[in-house]
Amino acid sequence: MRGFETRFQRLELKYVIDDSTAAQIRRELEPYCREDEHNASPCDLSSAPPGYLVQSLYLDSPSLAFHRAKQRGDAERFKLRVRGYSGREFVAMEHKRRSSDIIEKTRVIVDPDQIEAAALGFGKPLDDGPEARQLLGRFAHLVVSAGAAPTLLIRYWREAYTSRVDDYARVTFDRRVAVQRTRAWDHEGDPARWCELEHHLSAGAPRPIVILELKCRSRVPYWISDLVRRYALRRRSFSKYSIGIHLTASLNGSAGLMPRCGGVLR
């Protein structure tokens, strides 16, 4: 699909801020960034924040091996997820691998009705070329090897900006994060079971919470470094997936899954 990257490597710097700070930073981006073309994509939920709806289906082993690797802080770890976007008629199967601070991601697009078949090695990509078939085969191999299956649904609204002065840099603001456990190979979920992060914040967490991500190649652009310095941004370990696992487990009375999330949950 035109304009859809299948492989990339980058740094991802995460910060937790409030909406007022997000508005100030957005204004600071104007000389350097253009608004993502999908920011105005419609969604069918009322009172939506700016941006577009992102829905991710995370896969994990029965023992939650991917989540536990994050909790241990393993330098080498990966995640498997299937991501959908409002207004787009495909989903992206993503293998996201972390090596120290570097993120490597590969992704391949499939029909939303073929998620399970594709994940288990019986489907085919929408862009049915050699590279896409190779990436989908690799994704399916990892799923089957780990015994991975649907574990958690995450949805949130993303407001995104892309640099117009660098080869690659991207700024995103994520709002209204909600999660639910699932065993289904789709993004539907149960409307009554969404658990919103906002309702479980610690007393010191910003409200309304905004997750800021600054993404770039291995060299951080000067304007990003300047934003971090002037707003005294403090980088945090913040995994939507691991926080979602902890939150849904705690609501069900389970223990031992406390996330490394910078103290935003009570």
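A few comments on the model shown:
- Across the stretch 20-170, Cα-Cα distances exceeding 20 Å account for 58% of all pairs.
- Taking 7 Å steps out from each Cα toward its Cβ at residue 131 and residue 24 produces label points 4.1 nm apart.
- Inter-label distance, residue 39 to residue 113: 3.5 nm, where each label sits 7 Å from its Cα along the C-beta direction.
- For residue 31, the shell of other residues with beta-carbons less than 15 Å away shows a net charge of 0, using +1 for Lys and Arg and -1 for Asp and Glu.
- Which label in (1) 156; (2) 122; (3) 132 gives the computed volume of the Cα convex hull per residue in Å³: (3)
- Under-14-angstrom lysine pairs by C-alpha in the stretch 7-251, whenever the two are 8 or more apart or on separate chains: 11
Every number here is computed from the coordinates shown, using simple stated rules; none is lab data. Since the structure is predicted, the reported quantities are computational estimates derived from the model, not experimental observations. Don't worry about glycine lacking a Cβ; one is built from the backbone with ideal geometry, like all the others, and counts go over all protein chains shown.
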